[in-house]
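Report on the structure given below.
The values are calculated or read from the model by the stated rules, or taken from the named source; none is laboratory data. Note that this is a predicted model, so its numbers are computed, not measured. Quick reminder, even Gly has a Cβ in these numbers, built from the backbone with ideal geometry, and neighbours come from all protein chains shown. When the accessible area is computed, the model is the full protein with side chains, heavy atoms only, and any ligands, DNA or RNA have been set aside. Shrake-Rupley method; radii C 1.70, N 1.55, O 1.52, S 1.80 Å.
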2 protein chains.
Amino acid sequence: MHDVETGSVRLRPAAAGDLVPIVALLADDPLGREREEGGPELDTRYREAFAAIERDPHQLLAVAERGNRIVGVLQLTFIPGLTRRGMWRGQIEGVRVATTERGSGIGRSMLEWAIEECRNRGCGLVQLTSDERRADAHRFYDALGFRATHRGYKLPL
Amino acid sequence: MHDVETGSVRLRPAAAGDLVPIVALLADDPLGREREEGGPELDTRYREAFAAIERDPHQLLAVAERGNRIVGVLQLTFIPGLTRRGMWRGQIEGVRVATTERGSGIGRSMLEWAIEECRNRGCGLVQLTSDERRADAHRFYDALGFRATHRGYKLPL
């Protein structure tokens with residue numbers, strides 16, 4: 001993976017030192033507000049999850065940085081599978097852009113970078129699910145060429 | 001993971017020797033017919049994909065067996081993530097039941113087994129996507145307690 005500069009925004013793999021601003025980004029979201037717990041004293045589960053992502057060669061957590069500030073985050077998972085003649089899939093989860101940076105094209109740069117990363121890893125498909133309540137996100141993914149051909153089912157345990 | 005007997009059907013991890021009947025199952029499907037290539041001489045990409053799944057401790061390919069016959073298959077992927085306070089997700093892909101065995105409860109046994117496996121691995125959520133055209137599958141997942149709260153976007157590369 002290469003660092004990529006897009007305008008003044010740089011995309012790079014996340015480092016452990018980025019964890020506090022990343023969780024702040026996840027919490028700064030209408031749906032994330034109820035589900036995350038930010039602040040300087042992070043829940044250890046975030047640190048454990050970060051370590052698990054770092055250890056797994058099929059996970060890639062990336063941040064978008066403007067100057068010294070983390071303004072976006074997303075996670076890529078590369079999944080081997082038998083269907084479609086043994087095709088690999090790239091899966092995108094947890095896409096967030098800082099509220100102050102929305103509409104600046106950062107989200108598009110992040111997704112284009114992620115798609116390219118999936119291509120470089122030999123994936124035949126990129127997939128993601130988006131909450132039905134995120135109407136803005138749907139317009140965004142439609143404009144990037146994604147098609148909502150599937151239903152995304154979830155079962156909390 | 002334990003082998004589980006449900007009625008006369010046994011769930012167990014797939015072995016390399018199961019690959020020909022597994023791919024036959026994937027091909028014996030209205031959507032799979034166009035996308036897969038079964039037969040005794042398997043495309044090497046299936047073998048490579050199987051090897052990649054076997055090497056990855058976060059992948060679990062499972063088959064349902066009745067007597068000596070493979071009658072179902074599914075793949076589980078365990079995904080670490082930062083969102084929802086560092087929650088792991090279990091993801092189900094490529095669920096297929098032999099056409100001759102539909103309605104016999106094998107699908108339900110497979111899914112219940114998969115959900116339990118996700119619970120045992122500490123996942124807080126199980127997720128899957130299902131093609132909008134698979135109306136029967138939607139009733140099936142609804143009945144299992146899944147909720148179609150998300151849109152499933154795909155982008156072929």
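Got the relative contact order for the range A:33-107 handy, in percent, Cα pairs under 8 Å and 6 or more residues apart?
20 percent
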Near the axis that takes chain A to chain B, which A residue has its beta carbon closest, and at how many Å?
A:Gly152, 2
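Could you work out the helix-only [θ] at 222 nm for chain A, with each DSSP H run of four or more residues adding -39,500 (n - 2.57) and the total divided by the number of residues, to the nearest 500 deg cm²/dmol? Present the calculation step by step, with values, prior to reporting the outcome.
On the way: 6 runs with 53 residues, N = 157.
After summing the helix terms and dividing by the residues of chain A, the value is -9500 deg cm²/dmol.
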Area accessible to solvent at A:Glu117, 1.4 Å probe radius, in Å²
20 Å²
Relative contact order (percent) for chain A, with alpha-carbon contacts under 8 angstrom and 6 or more residues of separation?
18 percent
Can you give me the long-range amide H partners of B:Leu61? Hydrogens built in the peptide plane at 1.01 Å from N, cutoff under 5 Å, separation of 5 or more residues or another chain.
B:Ala14, B:Leu76
Whole-number accessible area per residue in Å² for chain B, which is evaluated in the context of all protein chains at 1.4 Å
45 Å²
Could you run the Karplus curve 6.51 cos²θ - 1.76 cosθ + 1.60 with θ = phi - 60° over the range A:85-91 and give me ³J(HN,Hα) per residue in whole Hz, x for Gly and Pro?
6, x, 7, 7, 10, x, 10
What are the nm distances, shortest first, from B:Glu101 to its equivalents in the other copies, labels at 7 Å along Cα→Cβ?
4.9
Step through the residues of the range A:96-106 one at a time and calculate ³J(HN,Hα) from phi using the Karplus curve (6.51 cos²θ - 1.76 cosθ + 1.60, θ = phi - 60°), rounding each to whole Hz and writing x for Gly and Pro.
9, 10, 3, 4, 5, 10, 5, x, 8, x, 5
In a shell of Cβ-Cβ distance under 10 Å around B:Thr149, excluding B:Thr149 itself, what net charge do Lys and Arg (+1) and Asp and Glu (-1) give?
+3
Given H placed 1.01 Å from N in the peptide plane, which residues other than close sequence neighbours of A:Val71 have an amide H under 5 Å from its amide H?
A:Ala64, A:Glu65, A:Arg66
For the charge dipole of the range B:59-157, defined by +1 on Lys and Arg C-beta atoms and -1 on Asp and Glu C-beta atoms about the Cα centroid, which residue among B:Thr129, B:Gln75, B:Gly105 has the Cα displaced farthest towards the positive pole?
B:Thr129
Buried area at the B-A interface (accessible, heavy atoms, 1.4 Å probe, summed, Å²):
5900 Å²
Relative to the longest principal axis of the C-alpha atoms of chain A, give the angle of the C-alpha long axis of helix A:44-55, reported between 0 and 90° and rounded to the nearest 10°.
40 degrees
With the label set 7 Å along Cα→Cβ, B:Gly39 is separated from its counterparts in the other copies, in nm and shortest first, by 6.3
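How large is the dipole of the protein assembly as shown about the Cα centre if only Lys and Arg carry +1 and Asp and Glu carry -1, each at its Cβ, rounded to the nearest 20 debye? If you can, show how the numbers build up before the last one.
Working: 46 positive and 46 negative charges, 97 e Å.
It comes to approximately 460 debye.
Expressed in nm², what is the orientationally averaged projection area of the convex hull enclosing the Cα positions of the range B:75-146?
Working: hull surface 20.3 nm².
For the range B:75-146, the mean projected area of the Cα convex hull comes to 5.1 nm².
What net charge is computed for the residues neighbouring B:Asn68, neighbours being all others with C-beta under 13 Å from the C-beta of B:Asn68, Lys and Arg scored +1, Asp and Glu -1? Show your work: numbers first, answer last.
Working: positive: B:Arg10, B:Arg12, B:Arg66, B:Arg69; negative: B:Asp18, B:Glu65.
Residues close to B:Asn68 contribute a combined charge of +2.
Less than 9 Å Cβ to Cβ from A:Gly124, Lys/Arg counted +1 and Asp/Glu -1: what total charge do the surrounding residues give? Intermediate results must be reported in sequence, preceding the final value.
Values: positive: A:Arg84, A:Arg85, A:Arg89; negative: none.
Value of the local net charge: +3.
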One would report the Cα pair-distance distribution of chain B, bin width 5 Å, in %, as 2, 8, 17, 21, 22, 18, 9, 3, 0, 0
Roughly how many debye, to the nearest 20, is the charge dipole of the range B:68-157 about its Cα centre, given +1 on each Lys and Arg Cβ, -1 on each Asp and Glu Cβ, and no other charges?
240 debye
On the full set of protein chains, 1.4 Å probe, figure out the accessible area of A:Tyr141 and give it in Å² to the nearest 10.
20 Å²
How far is B:Ala51 from itself in the other copies, in nm, if each label sits 7 Å out from Cα along the Cα-Cβ line, shortest first?
3.3
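Leaving out ligands, DNA and RNA, and with a 1.4 Å probe, what % of the accessible surface on the protein assembly as shown is carbon or sulfur? Provide the component values of the computation, followed by the final result.
Working: 6880 of 14040 Å².
Percent of accessible area from carbon and sulfur atoms in the protein assembly as shown: 49.
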